[in-house]
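Read-outs throughout are calculated quantities, based only on the coordinates presented, and are distinct from any laboratory measurement. Computed from a predicted model, the values in this text were never measured in an experiment. Glycine also receives a Cβ, built like all others from the backbone with ideal geometry; neighbour counts cover every protein chain displayed.
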Amino acid sequence: MVYTTDWPGLGIQKQRALDKASGDWVLSIDADEAVTPELKKEIIQAIGHGNFDAYKIPRMTIFCGHPIKRGRS
């Protein structure tokens, strides 16, 4: 489902999205982020087998087609 609204700012917009969500879990990513097929599979397995309040997903930052190996994000 797609909802169209005005742009009140990032925080309010993300809260609007959470209010529309109907599942037990929400993965909030930005437009320039992507979930790999491997991560999708791992997420489905984790929420099917675990009883946790949160999960941590490691990130990889890509710049000009190359991963940034130093620093944190």
In whole angstrom, largest first, the equivalent ellipsoid semi-axes that the Cα gyration tensor gives for the chain are 24, 21, 12
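Under a point-charge model restricted to the Cβ atoms of Lys and Arg (+1) and Asp and Glu (-1), what is the dipole moment magnitude of the range 10-67 relative to its Cα centre, in debye to the nearest 20?
Values: 7 positive and 8 negative charges, 11 e Å.
Value, rounded to 20: 60 debye.
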Compute the distance in nm between two label points, each set 7 Å from the Cα along the Cα-to-Cβ direction, one at CYS64 and one at VAL35.
3.2
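If you stretched the chain out fully between VAL2 and LYS56, how much longer would it get, using 0.36 nm times the residue separation minus the C-alpha to C-alpha distance?
Details: separation 54, 0.36 × 54 = 19.44 nm, distance 2.70 nm.
Stretched fully, the VAL2-LYS56 segment lengthens by 16.7 nm.
Can you show me the helix-derived [θ] at 222 nm for the chain, built from DSSP H runs with n ≥ 4 at -39,500 (n - 2.57) apiece and divided by the number of residues, rounded to the nearest 500.
Details: 2 runs with 24 residues, N = 73.
The per-residue figure over the chain is -10000 deg cm²/dmol.
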